[in-house]
Amino acid sequence: MNNNDIIDGNNNYNDTQNLDSITKTKMENNYINEILFFYVWRNKFLLSEIQRHHRLYRKNDCIVIIKSMDELRYHPHRRYATEIIIDVDEPLEPHGQVIPYGTTNLKFGKFNQPIQACDIPTTVTILEFKWNYSHRFDIKSVVPPSVTHLRTGRNQDVSPNSLPPSLTRLTMSLDQDITIETLPKSLKYLLLSQFNRTIVPGSFGSVVDLGLDFFNQPLKAGDLPQTCQNIVLFKFNQPLLPNILPPELKSLELHRFEHPLSDGVLPKSITDLHLDEFNHPLSNSLSKLHSLEDLYLSSFNQEISIETFPSSINTLVLCSFNKVLKPNVLPSSIINLILNSYNHPLEPQVLPPNVKHLELKSYNRNLGKHLFPNTLQHLFISNYSKELLENDLPSSIIGLYFESKISYLFNPIRFQTNSIPPSVKKLELPINHSQPLKVGFLPNSVEQIEIPNLYAHPLQVGAIPNSVTHVKLPEIFIPLRVGVLPESLTRLTFSYGFNQPLDPAIIPKSVTQIALPYTYRHPIPDILSHLIKRF
């Protein structure tokens, strides 16, 4: 009998006393450990050594090799690295000794040399070769079983039971028949960029995320894993029937799919749908998908009725749609609406009442605040070439972006003094904006302003209100006068290509950051050097 076991008169263990004894022992051990920890911590030599090693780990956690493999061979602190990126095309010699033990994340960039069985240490969990790595190798002998994430180059094949047993993520340029034994059961993410073979049911195991770039074979029930939640098919253009797609599918991207969709083809679990080439009437194929939140239709240009979309949609992107939209047809649940090609006059209640983000990339018709919901916060207009009146936009807008398109570079939008709503905080004017920015044109609500690249007028003192904290200046502009930039300014950004001398006198003392492009070649005044951030 163990002396630590206490037995009562009925030959039963006294669990309470035993538990008390265990708890007391643990408390004593914890107390001793704390004493030892503080004994070590208070020892100045040991403390300095711990701190030194900690600094070396942080400084050498990631080593990037860009000149020669000698950078890694003779790196004084190579043993501290956990991530190594090899971006040179030199052999791993001496084999088995170049990559240090302890490396967990190993990535090959320009490297295109043969790999041997001993080259990759058994501590590696993430192993990535660039897509154009062309040397085949025996996966089972070269890739250690510790690897959970693997990306191979081109021409690599795989045999049954050759992949690491704990692999969860696999990316391959593979085009070979895959049997049930080929992929490990642990695999959750699978991307095959060249695969275009008939799928053997069960061969993809219990994959959750599946990407097949070149696959274009007919699909039948059971081909895709029931566990799949996210599927991306770039080249696939075969008819789809009910019960082919997994029942728990959340996200589906079909980039070349051009066939009609019938009721029941898409599972009701789907939340995110991308159809790039699809251009068929939807009828009721989507209306029953009450979990659908994000819908992207790049080529769709068919009539829309009140029954076309489910009331669950939050984001709707229609890139090519240019049919007349009638009031109350789009679901009221929509928050983000992108209409890249729409150019029919808007009527009241055409835009859903809860829209916060709206993009009208081709619209050049009437405007009016009564046409927009009072929830609208961000508005992008890319083709409007009329005069913007005071009451054209609602006062709920905080981000206003006038993007420029080639079609109206020579007929730009025109502004009145009060065209910009007094709620706008971020304003981006068209690149071809040519009207002088007069005092009072920018409301006092504006915090961020981007001066157009083609703006060719001197900026007046007071034109930029004291509410502005961030100004982006164009590549070329007329030199600023003292006082043009307000004292509220904290960030000043110069566009790529800017190459004029910096004058400290024009920059307010409130500025804490000046963003300059790497192409800037003029000397930077000492008084400004601590503010510079390159991009």
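Is it the case that some residue within region 351-365 is exposed (fewer than 15 other Cβ atoms within 10 Å of the Cβ), touching a strand residue (DSSP E or B) at 6+ places or on another chain (Cβ under 7 Å) and not basic (Lys, Arg)? Within region 351-365, none of the residues are exposed (fewer than 15 other Cβ atoms within 10 Å of the Cβ), touching a strand residue (DSSP E or B) at 6+ places or on another chain (Cβ under 7 Å) and not basic (Lys, Arg). The residue that is surrounded by the fewest Cβ atoms within 10 Å (Cβ to Cβ), among those in region 274-318 that are aliphatic (A, V, I, L, M) and in a loop (DSSP other than H, G, I, E, B), is Ile306.
Got a sec? Which helices (runs of 4 or more DSSP H) wholly within region 43-146 have at least 2 residues that are at pLDDT 95 or above?
Numbers: elements: 44-59, 70-73, 139-142.
Per the criteria, 139-142.
Being more than 18 Å from Leu480 (Cβ to Cβ) and at pLDDT below 90 is the filter; apply it to region 434-470 and report the residue that is surrounded by the fewest Cβ atoms within 10 Å (Cβ to Cβ). In this case the residue turns out to be Ser434. Scanning region 492-535 for residues that are closer than 19 Å to Glu447 by Cβ and touching a Phe, Trp or Tyr at 6+ places or on another chain (Cβ under 8 Å) returns Phe494, Ile514, Ala515.
Considering only region 319-329, I want to know if a residue exists there that is under 19 Å from Leu286 (Cα atoms), crowded, with 17+ Cβ neighbours inside 10 Å, without any contact (Cβ under 8 Å) to a residue 40 or more places away in the chain and touching a Leu at 6+ places or on another chain (Cβ under 6 Å). No: region 319-329 contains no residue that is under 19 Å from Leu286 (Cα atoms), crowded, with 17+ Cβ neighbours inside 10 Å, without any contact (Cβ under 8 Å) to a residue 40 or more places away in the chain and touching a Leu at 6+ places or on another chain (Cβ under 6 Å). Of all residues in region 157-184, those that are under 30 Å from the mean Cα position of the chain (by Cα) and either surrounded by 13 or more Cβ atoms within 10 Å (Cβ to Cβ) or over 26 Å from Thr123 (Cβ atoms) (or both) total 14. Selection of region 456-510 for residues being assigned to a loop (DSSP other than H, G, I, E, B) and hydroxyl-bearing (Ser, Thr, Tyr) yields Ser467, Thr469, Ser488, Thr490, Ser495, Tyr496, Ser510.
Scanning region 123-146 for any residue that is more than 32 Å from the chain's Cα centre (by Cα) and on the phi > 0 side of the Ramachandran plot turns up nothing.
The values are calculated or read from the model by the stated rules, or taken from the named source; none is laboratory data. Given the structure is predicted, the values throughout are model-derived calculations rather than measurements. So basically every Cβ, Gly included, is an ideal-geometry build from the backbone, and we count neighbours across all protein chains shown.
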